[in-house]
Each structure stands twice: as structure tokens, then as C-alpha cells.
Amino acid sequence: MTETEFIPKAYTNFPEKGKVGWKAPSNIALVKYWGKKANQIPANPSISFTLDVSATITQVSYTKKKVDSNGFSFDLLFEGKPKEDFKPKIQTFLERIEPYLPFLKKYHFVIETSNSFPHSSGIASSASGMSALALCFLSIESKIQDMELDFFKKKASFLARLGSGSACRSIEGDLVQWGHHQGLEMSSDLYGIKYPFVVDPIFKNYQDTILLVHKGQKQVGSTVGHNLMHDHPYAEKRFEQAHLNLDKLKPILEEGDLQGFMQLVESEALTLHAMMMTSMPYFILMMPDTLEIINKLWRFRKETNVPICFTLDAGANVHVLYPESVKEKAIQFIKDELVAHCENGHYICDQIGTGAKQLFEE
Ligand code: 2P0
């Protein structure tokens, strides 16, 4: 589909008011998105596990304005309290999505949002936050104009991408691919799609224990981070590698090849960090505890053969990934050896999830 296909036909009916609510999950990339072009177009394709526990709940009340005005009108409450510093990001999001949701200036919105994970946990909330908000606005449009479920999911992902790239992978479960890739004809730079190939059951209930090594603000925001890939000496090779890794991942997922999976996922995580270390300016986003965790995990895996591996986001926290069949052993190891490296001993037990859920519609 093209961008213009997401522009609706002229509306004929506008409800006076209503309220919608959605819960949208976070996601963790296996092949990473790092680098983008104009209009939130990714420099390379990526694939992620949709999470389950880490999620954002958003509800949007809408009331038709008495007098048409040219601007957006909204109040924002985060965990029950007005949150002025989130407003510019929402304003930019509304500006970007307005061509595709031309009803937005007709209403006043009250947006109430909260996260299932602590805001200052260093866990990306932009993916779950922007996908929940995109779903709320699209639900309102679906009351003005009918749409098919398949189109709804694509458009929700398309809109979420305009808020935050990785958010477009947070609409559906359980594996989502975003970005055009030759190996998957229906893939698109404009939205994420549910991974359509055969996946071995070993990957079905995969676990993700998120070790919160550093809960503070991220050292490098995503805009600065993606921009580091412009004029980066290794950018082209890295983008090529992401395509190759998606090709390699297909038989790994199909055959339940855990060794292949662990190797590819860890290499992707370290490559992401290597890109940040070799850019100008350069950053080290891992902390001493991040490295301690990685070394202990490798030692444990070598000694026990338990198939447990790690991945990283653009920060110091570690996502420990393993199949459900070794959950007991993995959790014991995490508690005995890794939790000591977490800030205040905090970690989140998450797993693969099935995607966003509508909570209500009034
Ligand atoms: C990912 N990350 O694939 C990569 C890996 C972090 C590390 O996408 O600027 O918040 O909003 O499009 O999606 C984080 O960047 O960036 C990210 P924007 P986003 O999950």
C-alpha cells in the first residue's frame, strides 16, 4: 500500500462525543532498526518480539468543538496528572497524522495514559505509548467511517510509525517485521506486518526478563541516535547486514535452531552498540554492570548448556531471552547471579505477547 491509500474519503458524519481505550505492548527488536530517512522511513528492515507485560494503557475522550478552529486542542494526563512536558511530542504526532485523520481539528481530546512499567525504568515507552495513542485515534475514525480489520491494523501501524518508528511493531503479536525486505514481498517501510512464515513452537512462549541496570533518562535520545547513522563510516554495511540477518533468521525460526537464534540476536545487539561507539560523536551506552551480566550469562550458558541469550536496546538494560521450557533454571540463575547488577534489584518478567487490545468504546 502507498501513503495516499491511508487518506480517507470525505467524512459525512461526525459523532458529538465519545471515549475509546486501548492497551498496547512494548516490543524488543531481534534485528534492530537503527538509522532512518525523512518521514520516519527506516534505513533497514527490523523484526521484533511483541511483549506482554510491558504496556501502555491510553484512553481518549473526544468532544466536538462548538466553533471550528485551525489548531489541535487536547489535554494530557499521565498517571492521572497533567503532563505538560509530553505535550510537544503529541503536538508533533498530531501534525504528522492529520493528513491521514482529517477529523482531528474538529474535536477537543482528553488523553489519559499510564504505563505498566515505571516511567523512569529506562524501558522505551515510546513504542507502546505511540501505538496505544494511534489505536485510540484510529478507533475514533472507524466510528466516523467503516473500515476492514486488515486495513485497520495496517493503518494503526502506519500512524504509530509517524509517532515513533518502533511503535509500528507494537500493534500485533507475536513477531512483527517492519521495513521493505526482498525476502518478504508484502513487507513495507510504511508499517509493520505479522511475520507470515512458519515459526517453531519453541519460540511461541519465549521469555524476556528485563534487567534494569540503569533506570534514569537515556544518555542518547532516539532522534540523536538514528541521526548518528548519517555519514557513519559503517552505515551501508550495517544496513546490508540487517537484510542478510533477516534472511538468516527465517530458517532459524522455522527449524527452532536455538544456537543460530542466540548467535544472531546477540550479534545484532552488539552491532547496534558498536554503531554508537563508532559514530561521531561517539557513545558507550553499556555500563559496567551490563558487561558483568553478559559475561556471567555466557559463562552460565557454557557450563550448563541452558539456551539463554541477551539483547540490548539503546541503553544499559539487558533483555534476557530464553524458551519457556528452561524458565525455572533461567530465573534461578537470574536471581542468584544477575539481579545484584540491577538498580535497586529491579527487573521485569515479560514474555512474547499477542498484540494490542481494545479496552472499551463508548
Ligand atoms: C529498535 N530502537 O529496533 C531499535 C533498537 C532502539 C534500539 O527503535 O525516532 O524510539 O521514535 O523513530 O523507535 C528506538 O528508536 O525511534 C529503537 P524514533 P525509536 O527497537
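When 104, 94 are checked against the criterion of being without any contact (Cβ under 8 Å) to a residue 24 or more places away in the chain and buried (at least 16 other Cβ atoms within 10 Å of the Cβ), 94 stands alone in meeting it.
Examine the range 120-127 for a residue that is in contact with a strand residue (DSSP E or B) (Cβ under 6 Å, 6 or more places away or on another chain), on the phi > 0 side of the Ramachandran plot and within 16 Å of the ligand (Cβ to nearest atom), and state whether such a residue exists. Checked against the condition, which is being in contact with a strand residue (DSSP E or B) (Cβ under 6 Å, 6 or more places away or on another chain), on the phi > 0 side of the Ramachandran plot and within 16 Å of the ligand (Cβ to nearest atom), the range 120-127 yields no hits at all. Pairing each residue of the range 33-57 that is under 14 Å from residue 193 (Cα atoms) with any residue that is more than 12 Å from the ligand (Cβ to nearest atom) and in a loop (DSSP other than H, G, I, E, B), provided the two are 6+ apart or on different chains, yields C-beta distances under 7 Å for 45/180; 45/187; 47/195; 49/174; 49/206; 50/173; 50/174; 50/353.
Test residue 192 against the criterion of being within 15 Å of the ligand (Cβ to nearest atom), touching a residue at least 24 places away in the same chain (Cβ under 8 Å) and not assigned by TED's automatic domain parsing to the domain that holds residue 311, and give yes or no. Steps first, please.
Values: within 15 Å of the ligand (Cβ to nearest atom): yes; touching a residue at least 24 places away in the same chain (Cβ under 8 Å): yes; not assigned by TED's automatic domain parsing to the domain that holds residue 311: yes.
Yes; evaluated as a whole, the condition is true for this residue.
Residues in the range 132-155: is at least one under 29 Å from residue 320 (Cα atoms), basic (Lys, Arg) and either touching a residue at least 40 places away in the same chain (Cβ under 8 Å) or within 13 Å of the ligand (Cβ to nearest atom) (or both)? The answer is no; no qualifying residue exists.
I need a count of the residues in the range 84-106 that are of a type in the set (Lys, Arg), farther than 15 Å from residue 60 by Cα and in contact with a Leu (Cβ under 7 Å, 6 or more places away or on another chain). Give the steps one after another, and end with the answer.
Residues of the range 84-106 that are of a type in the set (Lys, Arg), as a first pass: 87, 89, 96, 105-106.
Those left that are additionally farther than 15 Å from residue 60 by Cα: 89, 96.
Next, from what is left, pick out any that are in contact with a Leu (Cβ under 7 Å, 6 or more places away or on another chain): 96.
Of the residues in that region, 1 qualify.
Across the range 195-207, which residue is surrounded by the most Cβ atoms within 10 Å (Cβ to Cβ) among those that are within 18 Å of the chain's Cα centre (by Cα) and closer than 15 Å to residue 306 by Cα?
Initially, the range 195-207 is screened for residues within 18 Å of the chain's Cα centre (by Cα), giving 195, 206-207.
With closer than 15 Å to residue 306 by Cα added as a condition, the list becomes 206-207.
Details: 206: 18, 207: 21.
Among them, the one singled out is 207.
State yes or no: is residue 9 more than 15 Å from the chain's Cα centre (by Cα) and without any contact (Cβ under 8 Å) to a residue 60 or more places away in the chain? Taking the combined requirement at face value, the residue does not satisfy it. Of the residues in the range 182-194, not one is under 30 Å from residue 306 (Cα atoms), surrounded by 24 or more Cβ atoms within 10 Å (Cβ to Cβ) and touching a helix residue (DSSP H, G or I) at 6+ places or on another chain (Cβ under 8 Å).
The values are calculated or read from the model by the stated rules, or taken from the named source; none is laboratory data. Just so you know, these numbers come straight off a predicted model, no measurement behind them. Ideal geometry is used to build each Cβ from the backbone, glycine not excepted, and the neighbour counts take in all protein chains shown.
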